[in-house]
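Worksheet: one structure, shown below.
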Amino acid sequence: MAGRHHVRTRRFSSPAGIAAAAALGVALAVGGTVGAVQLTAGSEPARPVAVDLSPATPSSAAPSPSSPSPSPSVTASPAATRSPQAPSRSKPRTASPKPTATAKKTATSKVVESGSCGASFYSDGQLTANGENFNPDALTAAHKTLPFNTRVRVTNPDNGKSVTVRINDRGPFIEGRCIDLSRAAFAEIASLDLGHVDVRYEVLG
């Protein structure tokens, strides 16, 4: 015959027993809380969430994590080009020839006739023997026989002055004088106050 177990329940009726029972309950409650705290502490601590502060970029421009980000392309500055030297620089330089001074050829007039006689001047008249209007300020002269437009050089031997005149008229008709100069031509070789002087003449060809 099986034995029967009887669970005996103790009842605490005294104040000391009630206090002991309450202390036991508090110990059990505190122990369970401490154990739960220890289990929580033993697990891996939660990591803080990283906050991305960079500006938002389009999803299409973001590079994939697997592919490396492309390095920025560097554009090389254009190399300074130097123009090729002129072919003349490769040749030995020679001094440029200096211009040679060329002597100007002066037309020398040939003396075809010469002589000495008295010369006077005149300043009045309208027409000359060849039909020109008489101009006392032009270097002209009158001669008895020389062809018109013949050039004659007249020199005053007293002062060495000379003038070349063109024959365009006839005269003078005074004894001892062979040439009559215009007022301007006579003033080139002598003073007008003299009226007439002895000269040397040269007919130029």
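The values are calculated or read from the model by the stated rules, or taken from the named source; none is laboratory data. None of the values given here were measured: they were computed from a predicted structure. Cβ atoms come from the backbone with ideal geometry, glycine included; neighbour counts cover every protein chain shown. Calculation scope for accessible area: heavy atoms of the full protein, side chains included, ligands and nucleic acids excluded. Shrake-Rupley method; radii C 1.70, N 1.55, O 1.52, S 1.80 Å.
Taking the stretch 167-181 as the range and being without any contact (Cβ under 8 Å) to a residue 60 or more places away in the chain and either within 14 Å of Glu202 (Cα to Cα) or not small (Gly, Ala, Ser) (or both) as the test, the residues that pass are Ile167, Asn168, Asp169, Arg170, Pro172, Phe173, Ile174, Glu175.
Residue pairs whose Cβ atoms lie under 7 Å apart, sitting 6 or more positions apart in sequence or on different chains, and linking a residue in the stretch 146-166 that is within 15 Å of Ala184 (Cβ to Cβ) and aliphatic (A, V, I, L, M) to a partner that is open to solvent by 70 Å² or more (accessible area, probe 1.4 Å) and at pLDDT 95 or above, are Val163/Leu139; Val163/Glu188; Val165/Leu139. Put simply, of Phe186, Phe148 the only residue that is more than 23 Å from Val112 (Cβ to Cβ), at pLDDT 95 or above and in contact with a strand residue (DSSP E or B) (Cβ under 7 Å, 6 or more places away or on another chain) is Phe186. When the criteria are applied in full, Asp198 fails the requirement of being acidic (Asp, Glu) and open to solvent by less than 50 Å² (accessible area, probe 1.4 Å).
Quick check: anything in the stretch 159-174 assigned to a loop (DSSP other than H, G, I, E, B), of a type outside the set (D, E, K, R), closer than 23 Å to Ser109 by Cβ and open to solvent by less than 50 Å² (accessible area, probe 1.4 Å)? No: the stretch 159-174 contains no residue that is assigned to a loop (DSSP other than H, G, I, E, B), of a type outside the set (D, E, K, R), closer than 23 Å to Ser109 by Cβ and open to solvent by less than 50 Å² (accessible area, probe 1.4 Å).
When restricted to residues that are open to solvent by less than 60 Å² (accessible area, probe 1.4 Å) and either within 12 Å of Val203 (Cα to Cα) or of a type in the set (Lys, Arg) (or both), the stretch 131-158 contains 6.
Of the residues making up the stretch 148-185, those that are within 60 Å of the chain's Cα centre (by Cα) and on the phi > 0 side of the Ramachandran plot are Asn149, Gly160.
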